[in-house]
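Shown below is the structure under consideration.
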Amino acid sequence: MDKTQETADEKSCMIKEKNNELSIRDSNCLQPITRSNSREKITNLDVIPQVIASCIIHCVVIQVGVNMAYSTVLLNDLKLDNAGMTITENEESWIVGLGENGEPAYLHGKEKIEGEAVLAKKALNVVLSNKISLTRKLPDVRNQLCANLTYDTLLPSVSVIIIFYNEPWSVLLRTVHSVLKGSLPHLLKEIILVDDHSEEEELQEQLDYYLSTRLPTKVKLLRLPSRQGLIRARLHGARNATGDVLVFLDAHCEVIKDWLQPLLQRIKDKKNAVLMPIIDNISEETLEYFHDNEASFFQVGGFTWSGHFTWINIQKHELQSRRSPISPTRSPTMAGGLFAIDKKYFWEIGSYDDKMDGWGGENLEMSFRIWQCGGTLEIIPCSRVGHIFRNFHPYKFPNDKDTHGINTARLAFVWMDEYKRLFLLHRSEFKNNPSLFGDISERVKLRRKLKCKSFRWYLDNIYPEKFIPDEHSMAYGRIRLRNRRLCLDNLQHDEDKPYNLGLYSCHSKLYPSQFFSLSNSGELRRDDSCARVDADNSKVHVPVEMFDCNIEKGGKEWMLTKDSKIVHVETGLCLDGTQVQSEEDVFATACADVPNQFWKFDFYNRKILPK
């Protein structure tokens with residue numbers, strides 16, 4: 001080949017390479033490769049097999065990549081199709097009219113059995129919930145006076161924050177639809193759903209698909225990468241909120257007409273007012289919307305010395321001071337699941353204690369902090385929300401810890417001053433062991449910064465009717481038979497209803513079920529329940545009934561004798577455990593010199609010296 005031809009071939013090769021047209025057929029364009037240890041040139045025939053193999057490998061890799069990407073797209077499309085089909089099937093399974101107007105709903109046959117099984121497992125009849133429309137109507141149960149109220153045209157905007165963890169699909173979405181339907185659109189800026197790392201399949205792609213195809217964009221979903229617990233999940237939601245007011249709701253609620261305006265009006269008028277609606281009960285069995293027939297009746301929040309929230313009647317001084325039955329009503333504590341707060345004030349007052357784990361105690365901590373640090377806690381009677389109260393938690397808490405006990409210990413050591421002694425009677429393990437509940441220095445610093453008042457001030461001014469066992473009684477603690485290891489016990493009865501007092505094996509520690517007091521006024525009581533004997537009962541063995549101490553009813557005065565008998569003043573009968581076994585009711589009988597009429601308290605305040 002002459003030089004002219006060689007130069008022409010080189011130019012041709014360069015042009016083809018530039019235009020990406022070079023192929024294996026252009027063997028003349030392949031440059032010879034020189035071996036490192038030899039001047040010998042490798043021929044084109046040596047190189048061609050290597051090039052072919054390289055091309056095949058690259059083509060295979062490219063094809064596999066394309067196939068994998070295509071497969072991923074197909075898989076995602078298939079998941080979305082399945083999600084859409086499942087949602088459609090769910091919607092088609094609704095029974096028209098079932099549960100409408102908050103009426104109780106029932107299943108029959110096989111579905112009834114399935115519903116009862118799920119109820120026992122999840123503390124909620126999910127099978128029944130899935131049959132009820134997500135947009136069912138509820139009755140307007142507000143006080144009639146609420147219809148006469150007017151609200152400002154310009155009210156703060158609101159972010160509703162809902163935390164969920166493995167919440168049943170239909171229950172969660174009924175909550176969302178209820179808020180959307182029951183709120184004025186211009187006031188409701190957003191609904192923020194915070195998924196605390198749920199594991200249920202229906203809360204994954206299916207929920208994403210539902211939100212993107214069925215709900216407005218103001219419904220936003222935030223997913224946490226790991227389980228954080230209620231408190232930290234709420235903080236995450238609050239940090240992402242853009243409304244003027246934060247409203248926290250549990251994921252199993254339904255709102256009543258015009259629930260939002262009275263909350264927002266009050267916050268507009270009083271920035272440091274933290275507000276709760278009246279919380280009605282939705283049955284976990286039938287999804288019936290319970291409400292008191294007397295719309296003006298409702299209760300406020302209290303607490304037990306063991307650190308639990310409880311409902312109490314409105315205190316006398318509050319009844320006398322409020323202007324009308326629908327006026328804002330002060331509450332010593334809040335349940336915690338449902339409340340509204342100005343967003344700026346939420347952060348100024350200390351938001352949540354972010355070192356609290358899981359669930360529990362945060363509501364009392366916030367209640368004490370708000371009152372002691374200059375805010376107010378109020379129930380707004382014209383705002384009503386239904387809530388499903390479960391009998392047990394259907395899931396475990398992070399790391400299986402006693403989060404309620406640990407969190408309550410944190411609040412006791414920060415906010416309760418010397419009155420933490422009464423909490424420590426129940427939870428003595430925290431007494432000299434601060435490592436169990438962690439570092440509280442930041443919360444103590446917050447209390448100093450906000451110049452908060454004492455817990456004594458809180459009891460005197462906010463909760464003056466609170467019974468203080470070691471100040472208002474002559475004896476308290478466990479009450480046990482002197483000759484047997486049996487103690488008075490509420491036998492796990494519901495404190496909201498009258499029940500018979502019983503006996504149970506004495507616990508090694510002071511548990512709430514066995515914490516009783518004999519008050520200075522002669523009440524044999526457990527927190528806000530008092531023991532009484534029916535004076536008209538002519539039986540030899542008369543049961544001892546526990547009922548609300550605030551009810552004006554006779555027969556509740558007792559006295560402790562020097563020989564340690566507990567005598568009912570009106571009848572002269574003695575508390576008697578003769579022939580009564582553990583988990584059986586105790587009786588009042590004629591006083592006699594028998595061993596099972598002698599009792600012993602853990603603590604005595606007055607100089608009563610039992611023999």
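The values are calculated or read from the model by the stated rules, or taken from the named source; none is laboratory data. Bear in mind that the values here come from a model prediction, so they are computed numbers and not experimental data. Neighbour counts run over all protein chains shown; Cβ positions are idealised from the backbone, glycine included. Note: accessible area is taken over every heavy atom of the protein model, side chains too, but ligands, DNA and RNA are not part of it. Shrake-Rupley method; radii C 1.70, N 1.55, O 1.52, S 1.80 Å.
For segment 200-314, what does the accessible surface come to per residue with a 1.4 Å probe? Please give it in Å².
Working: 4470 Å² over 115 residues.
Per-residue value: 39 Å².
Under the definition of Cα pairs under 8 Å and six or more residues apart, what whole-number percent is the relative contact order of segment 513-567?
Working: 72 pairs, mean separation 17.6, N = 55.
32 percent.
Can you give me the % of accessible surface on segment 473-604 that is carbon or sulfur? Probe 1.4 Å, all protein chains present, nothing else counted. Each step should come with its number before you reach the end.
Numbers: 2870 of 6130 Å².
The C+S portion of the solvent-accessible surface of segment 473-604 is 47 percent.
Determine the shape class of segment 87-466: with a ≥ b ≥ c the square roots of the Cα gyration tensor eigenvalues, call it rounded for a/c under 1.5, and otherwise prolate if a/b is greater than b/c, oblate otherwise. Write down the numbers at each step before the final one.
Working: a/c = 1.58, a/b = 1.30, b/c = 1.22.
Note, shape of segment 87-466 comes out prolate.
Between Asn293 and Asn391, how many nm apart are label points set 7 Å from Cα along the C-beta direction?
Rounded to a tenth, the inter-label distance reads 2.6 nm.
Per residue, how many Å² of accessible area does segment 473-604 show with a 1.4 Å probe? Please report the intermediate quantities before stating the final value.
Details: 6130 Å² over 132 residues.
Value for segment 473-604: 46 Å² per residue.
Applying the Karplus parametrisation 6.51 cos²θ - 1.76 cosθ + 1.60 with θ = phi - 60° to the phi angles of segment 562-572, what ³J(HN,Hα) value in whole Hz is obtained for each residue in order, glycine and proline being reported as x?
Once rounded to whole Hz, the list reads 5, 8, 6, 8, 10, 10, 7, 5, 5, 9, x.
A further question on this structure: Going by amide H atoms built from the backbone, whose H comes under 5 Å of the H on Phe339, apart from near neighbours?
It is Phe248, by chain and number.
Using θ = phi - 60° and the Karplus relation 6.51 cos²θ - 1.76 cosθ + 1.60, list the HN-Hα couplings for segment 402-411 in order, rounded to whole Hz, with x at every Gly or Pro.
Per residue, the Karplus-derived 3J(HN,Hα) values read 7, 5, 4, x, 5, 5, 5, 4, 4, 5 Hz.
Answer rounded, prolate or oblate for segment 473-604, using the Cα gyration tensor with square roots of eigenvalues a ≥ b ≥ c: rounded when a/c is under 1.5, else prolate when a/b is larger than b/c, else oblate.
Details: a/c = 1.24, a/b = 1.05, b/c = 1.18.
Note, shape of segment 473-604 comes out rounded.
Over segment 112-231, what lengths in whole Å, largest first, do the semi-axes of the equivalent ellipsoid take, defined as the square roots of 5 times the eigenvalues of the alpha-carbon gyration tensor?
Details: eigenvalues 159, 88, 35 Å².
Rounded to whole Å, the semi-axes are 28, 21, 13.
Roughly how big is segment 432-488's charge dipole about its Cα centre, with Cβ charges of +1 (Lys, Arg) and -1 (Asp, Glu), in debye to the nearest 20? List each step's numbers first, then the result.
Values: 14 positive and 6 negative charges, 33 e Å.
Once rounded to the nearest 20, the dipole reads 160 debye.
How much of the accessible area of segment 87-466, in percent, comes from carbon and sulfur atoms when a 1.4 Å probe is used?
Its accessible area is 51 percent carbon and sulfur atoms.
Let me ask something else. Could you order Phe603, Phe547, Phe297 by accessible surface area, starting with the largest, using a probe radius of 1.4 Å? Let's see the in-between values first.
Values: Phe603 75, Phe547 10, Phe297 95 Å².
I get Phe297, Phe603, Phe547, largest accessible area first.
Would you please give the residues with an amide H less than 5 Å from that of Val219, counting only those at least 5 places away or on a separate chain, with H modeled from the backbone geometry?
Ile191
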